[in-house]
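Following: one structure in structure tokens, then a few remarks.
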Amino acid sequence: MIGQPTQGGDIIMVDKSSIVPIYHQLKTLIQTQILSGEYPVGAQLPSEREFCDTYAISRMTVRQAIIDLVNEGLLKRERGRGTYVAKPKIEQGLQLTSFTEEMLQRNLVPGTRLLFLRTETAKGRAVARLHTFEDQLIHIIARLRLADGEPMAMETSHIPVSLVKELTPAALEHGSLYAALRKDGLHMAYAEQTLEASLAKGDEAELLGIKLKAPVLLIERTTYLSDGTPVEYVRSVYRADRYKFSLRLTNPKG
Ligand code: 16G
């Protein structure tokens, strides 16, 4: 067994005789050091070579542990610079809340960059998802959503003009769409939502500050009033490196 003293004085071991693969042991060890705060967010990890020397293990083994942790979002690799502890992902439950409410709950400052706001006739997917018909007027709102100034998601919302006559750029830049709808007496009661994996396209990558074809979460939602009237169809692209969604599952058999 080869060990390394931690800041707390304990010896952390890699046990070569264990049935647990060495890369997995190293992964657990790094994870523990991140969770204990020994490697705080933004801290640079020792180099692959240093890990090899400390634990007398191969570079391949170190690389495998690090790649796994990068894929799980705990570490971030910066080309030519090194490996750093990543910010934890924002975890969002799948409830019917607004972006603003979600961020405030996490003590993050919500921000919005309005990309465009226009009124046009409904076409294609928006017609189907809003259960409306072509040529109905809808507001289309494209926004970049930020948390503490960092881009998180791009959202394109479609709202029937028959429900909301006026939406101002100022209200959307500085406030919440759902708060504006509530002011108009529209209370969102439930939503149908899909969530799928996708890759960032050119404009999305640029606005979100991620690489072209980086993984993203694509969400489509239709939100309804309590009488079943669709009030919003939204297509959102969330950064997969900063976001995860959690679900509570119940057993249908009781
Ligand atoms: C959330 C909703 C989005 C809604 C927005 C309103 C998801 C995937 N999307 O981001 O449909 O338009 O909240 O946020 O949850 P706002 O009230 O802060 O403008």
| request: Output yes when any residue across the range 160-170 is touching a strand residue (DSSP E or B) at 6+ places or on another chain (Cβ under 9 Å), of a type outside the set (Gly, Ala, Ser) and over 24 Å from Glu120 (Cβ atoms), and no when none is. | output: no
| task | Inspect the range 130-139 for any residue being closer than 20 Å to Glu204 by Cβ and out of contact with any His (no Cβ under 8 Å at 6 or more places or on another chain) and give the result as yes or no. | result | no
| Which pairs have Cβ atoms under 6 Å, sit 6 or more apart or on different chains, and link a residue in the range 175-191 that is more than 12 Å from Val164 (Cα to Cα) to one that is within 11 Å of the ligand (Cβ to nearest atom) and in a helix (DSSP H, G or I)? | Ser176/Thr100
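State the number of residues belonging to the range 190-231 that are β-branched (Val, Ile, Thr) and within 17 Å of Thr132 (Cα to Cα).
First, the residues of the range 190-231 that are β-branched (Val, Ile, Thr): 194, 210, 216, 219, 222-223, 229, 231.
Still in the list and also within 17 Å of Thr132 (Cα to Cα): 222-223, 229, 231.
Looking only at that region, the number is 4.
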| query | So how many residues does the range 101-142 have that are within 14 Å of the ligand (Cβ to nearest atom), assigned to a loop (DSSP other than H, G, I, E, B) and over 17 Å from Leu181 (Cβ atoms)? | reply | 3
| field | Search result, residues across the range 16-70 that are touching a Ser or Thr at 6+ places or on another chain (Cβ under 9 Å), of a type in the set (Gly, Ala, Ser) and closer than 20 Å to Arg242 by Cα | value | none
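How many residues does the range 148-167 hold that are in contact (Cβ under 8 Å) with a residue 12 or more places away in the chain and surrounded by fewer than 21 Cβ atoms within 10 Å (Cβ to Cβ)?
Start the filter on the range 148-167 by keeping residues that are in contact (Cβ under 8 Å) with a residue 12 or more places away in the chain, which leaves 148-164, 167.
If we keep only those that are surrounded by fewer than 21 Cβ atoms within 10 Å (Cβ to Cβ) as well, we get 148-151, 156, 160-164, 167.
Total satisfying the criteria: 11.
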| query | Residues of the range 35-68 being surrounded by 17 or more Cβ atoms within 10 Å (Cβ to Cβ), farther than 20 Å from Arg81 by Cα and out of contact with any strand residue (DSSP E or B) (no Cβ under 7 Å at 6 or more places or on another chain), which ones? | reply | Thr61
| remark: The condition from (1) surrounded by fewer than 13 Cβ atoms within 10 Å (Cβ to Cβ); (2) under 27 Å from the mean Cα position of the chain (by Cα) that Asp135 misses is numbered (2)
| said: Quick check on the range 183-193: of everything there that is in contact with a helix residue (DSSP H, G or I) (Cβ under 9 Å, 6 or more places away or on another chain) and assigned to a strand (DSSP E or B), which residue is nearest to the ligand (Cβ to nearest atom)? | reply: Met188
| task | Within the range 98-135, count every residue that is within 20 Å of Thr168 (Cα to Cα) and polar (S, T, N, Q). | result | 5
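Identify all residues within the range 219-231 that are in a strand (DSSP E or B), touching a Pro at 6+ places or on another chain (Cβ under 9 Å) and either within 9 Å of the ligand (Cβ to nearest atom) or not aliphatic (A, V, I, L, M) (or both); write none if there are none.
Residues of the range 219-231 that are in a strand (DSSP E or B), as a first pass: 219-225, 230-231.
This time we only want the ones that are touching a Pro at 6+ places or on another chain (Cβ under 9 Å), so: 222-224, 230-231.
Of everything in the range 219-231, those that are in a strand (DSSP E or B), touching a Pro at 6+ places or on another chain (Cβ under 9 Å) and either within 9 Å of the ligand (Cβ to nearest atom) or not aliphatic (A, V, I, L, M) (or both) turn out to be Thr222, Thr223, Tyr224, Pro230.
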| Close pairs (6 angstrom Cβ cut-off, 6 or more residues apart or separate chains): farther than 18 Å from Gly209 by Cα in the range 228-254, more than 16 Å from the ligand (Cβ to nearest atom) anywhere | Pro230/His131
| request: Being in a helix (DSSP H, G or I) and within 11 Å of the ligand (Cβ to nearest atom) is the filter here, so list the residues in the range 151-182 that pass it. | output: Ala171, Leu172, Glu173, His174, Leu177, Tyr178, Ala179, Ala180, Leu181, Arg182
| query | Residues in the range 85-100: is at least one surrounded by 16 or more Cβ atoms within 10 Å (Cβ to Cβ), at pLDDT 90 or above and more than 16 Å from the ligand (Cβ to nearest atom)? | reply | yes
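The values are calculated or read from the model by the stated rules, or taken from the named source; none is laboratory data. Model, not experiment: these values are computed from the prediction. Note: ideal-geometry Cβ built from the backbone for every residue, glycine included; neighbour counts use all protein chains shown.
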